[in-house]
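Working notes for the structure below.
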Amino acid sequence: MNRSPSARTAVRLITPFLVAACQPQARRLLLLDLALSDPVVLNSTARPWADAGYSVQYRRFYPHLTRADLLQFRTLVFLLGREPEVASDALTAGDVGLLDEWVRRDVGNVYIQLFESALASWMGMPASLCIFAKTCGNALALEHNGDLYSCDHFVEPKYLLGNIREQHLVQLVASDQQRKFGNDKQDSLPRYCRECEVKFACNGECPRNRFIQTPDGEPGLNYLCAGYKAFFKHIDHPMKLMMDLLLGGREAPDVMELLVAESASAQSIQ
């Protein structure tokens, strides 16, 4: 069923309670586009604010809202939707640049969950983020009426496990239905993913985002695939350096010194 961008996209305007922490003259607005909306929708949303004197900053699907944003921006505008309108590479060169900055200056001082989870994957340890785990099923959703669902991203009738007022929570969590839900994350991967060189770190990401086709036409590819693939390839070198440091009994922040030495060596050769 075809729908217009405006019908697919819900706009929610939120003025944080931290407004008092911002200077009155700082009229900054963050437009956070979680739906990867059509440019027409973006322009029509941002234009009235710009005309009113706001400095509008646009951010795509990634990275998500941070605590620092609440201090920097007076107003937040969210473009939301069940599914983004187009496939996305998810990560821009600027986003990858954040990793380069972090690994050279902030390892051990600034905690970034995505990078920490990636390092765990390179170490052969379970991913700390469920979206990158081989299987899932440990992030269930419990409603106020006792209904238990397989995942907080799948609060839908199909994924209702039961009600804890009628059946013990442990029984529902350990049910065949929930086990199958968790294993489906791995079992439903298309061949394109199973043969991917960064599968060990990505594992197809979250099943909720697997709604496009592979280059071969097989369904079930994550629409963020291109971005994650580029990202994990890009971080391979620093992750291997940190892995070797940790396995050798040293600290991960020592990678910053190694990268400085590498950079100096490369410049001297030039």
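The values are calculated or read from the model by the stated rules, or taken from the named source; none is laboratory data. The structure displayed is predicted, hence computed values, not measured ones. Positions of Cβ are backbone-derived with ideal geometry, glycine not excepted, and every protein chain shown enters the neighbour counts. When the accessible area is computed, the model is the full protein with side chains, heavy atoms only, and any ligands, DNA or RNA have been set aside. Shrake-Rupley method; radii C 1.70, N 1.55, O 1.52, S 1.80 Å.
Placing a pseudo-label 7 Å from each Cα along the Cα-to-Cβ vector at L71 and N43 gives an inter-label distance of 3.7 nm.
For the range 162-270, the relative contact order works out to 14 percent when only alpha carbon pairs closer than 8 Å and six or more residues apart are counted.
Using 0.36 nm per residue and subtracting the Cα-Cα separation, the extra length available between A261 and Q177 on full extension is 25.0 nm. The alpha carbon radius of gyration of the range 111-213, expressed as a multiple of 2.2 N^0.38 Å, is 1.18. Ellipsoid semi-axes for the range 155-222, based on the Cα gyration tensor and the rule √(5λ), read 30, 13, 8 Å when sorted largest first.
In this label model, T135 and E251 are separated by 3.8 nm, measuring between points 7 Å along each Cα→Cβ vector. Solvent-accessible area of R47, all protein chains in place: 140 Å² (probe radius 1.4 Å, heavy atoms, ligands and nucleic acids excluded).
For the residues K199, K240, a 1.4 Å probe over the protein chains yields an accessible-area ranking, largest first, of K240, K199.
For the range 239-270 versus the range 155-209, the inter-centroid distance based on Cα atoms is 38 Å. Here the simple spin-label model places points 7 Å from the Cα toward Cβ, and for R104 and Q167 these points are separated by 5.5 nm. With q set to 0.14, 0.20, 0.25 Å⁻¹, the log10 of I(q)/I(0) for the range 191-251, from the Debye formula over equal scatterers at the Cα positions, is -0.47, -0.75, -1.00.
Going by accessible surface with a 1.4 Å probe and the largest first, C130, C225, C206 read C130, C225, C206. Accessible-area rank, largest first, for S268, S150, S175: S268, S175, S150, with all protein chains present and a 1.4 angstrom probe.
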